[in-house]
Structures are given as structure tokens and as C-alpha cells.
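To start, the structure itself, in C-alpha cells.
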Amino acid sequence: MNIFITIVIVFIVFYLFLNWFAKSSSKKIYQILRKSIIWISIIAALIVAFTGRYIFSLPFLFAILPLIKTKAGVTLLQLLRLWGFFRVLKNSGRFNFNNSSNYTNTQPLSKNEAYKILNLDPNRNYKKEEVLKSYKKIMKKIHPDINPELNRLASIVNESKDIVLKDIT
């Protein structure tokens, strides 16, 4: 785990340096550097995914989204929130990252897990609009129409929304 954090930090520092250098150079150098960063990130993500560490390939993939200039680009804060979201799901055993069709835990979500999945504080009183706003923010990133492989993840978020809405009423 420490080597992964070190690699991510080195990658971020390297990216920031190249980004600064690319912006201060001509447009052609910027394009070459941008494409090389995209390809290096894709290769690193594939290597990590090939070794069976699918969850660790996500930061590399999320890092290249803003470089590709798509609407799916995420900020570092959004990346950290998504990482925490995946960590909560993996630690609870509710989502099997190796096989999305079969999951081992079929118990219903607890209220605390539901609040954590929606990035809400279980000790605070929320209005229905606040819960739906948090739910929509997450679903924009993981909706099955965007990525069909995230069907199970979307169903977990839907289940947690229902639990939290029942809890506040």
C-alpha cells in the first residue's frame, strides 16, 4: 500500500511539473506531453488492472479524464470522495470488485452504512432535498447509462437512498 501511495504522489508531482512546463512552452510541445501523459496513465492503469488490483487502477484513469477534455473530467476532491466511497463499499463487503455479477453479502444495509455511502453524517438531521441532492451527485458519476458495469454499485446507492429517506421521515 505504501508503494502505491508513493507512486501516486510521484505521478501527481510529475504531472504538475509537466503541466507547468507544457503551458510555458509552445502548443506543439504541450500536445506531445499531454498525449504522453495520457498514454502513460492508460498503460499504468492497465498494468495495475492486469495484476488484479482493479480498484488501484481508478486513480490513473481518473487522472487522465481532464486531460482528454471530456465532460467526465473530475477534480482531485471528487476523486478523493469517490475513492472513499469505493473504500466504504469494499470494507463493508457489499460490493465485490472482482466479479460484479456475484456478490457475497446479501444482508440489508445498515443506517450508518447508508449515510456513509451518500456522504452524509448519521448524527445530523437532513431534509429530503439534501438527501436527494447528495444522491443525485453520486448517481451522475456511477449511473448505469454511463457505465453498464456499475449496475450493482448503482443499486447499492439506490438502496442507501431509500434507507436514509425512510429514516428521516
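Data table
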| quantity | calculated |
| --- | --- |
| Pairs where the first residue, in the range 24-45, is farther than 15 Å from Ile7 by Cα and of a type in the set (A, V, I, L, M) and the second is assigned to a helix (DSSP H, G or I) and modelled with pLDDT of 70 or more, C-beta under 9 Å, 6+ apart | Leu33/Leu18; Leu33/Asn19 |
| Boolean, Ile156 is in the same structural domain as Leu89 (by TED's automatic domain parsing), in contact (Cβ under 8 Å) with a residue 60 or more places away in the chain, surrounded by 15 or more Cβ atoms within 10 Å (Cβ to Cβ) and closer than 20 Å to Asn91 by Cα | yes |
| Top-ranked residue of the range 27-51 - restricted to ones that are at pLDDT 70 or above and not hydrophobic (A, V, I, L, M, F, W, C), ranked as farthest from the chain's Cα centre (by Cα) | Lys27 |
| Residues (within 18 Å of the chain's Cα centre (by Cα) and either modelled with pLDDT of 90 or more or assigned to a helix (DSSP H, G or I) (or both)) located in the range 97-117 | Glu113, Ala114, Tyr115, Lys116, Ile117 |
| Odd one out for Phe21, checked against (1) modelled with pLDDT of 70 or more; (2) surrounded by 10 or more Cβ atoms within 10 Å (Cβ to Cβ) | (1) |
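The values are calculated or read from the model by the stated rules, or taken from the named source; none is laboratory data. None of these values were measured; they are calculated from a predicted model. When we count neighbours, we look across all protein chains shown, and the Cβ atoms used for this are built from the backbone with ideal geometry, even at glycine.
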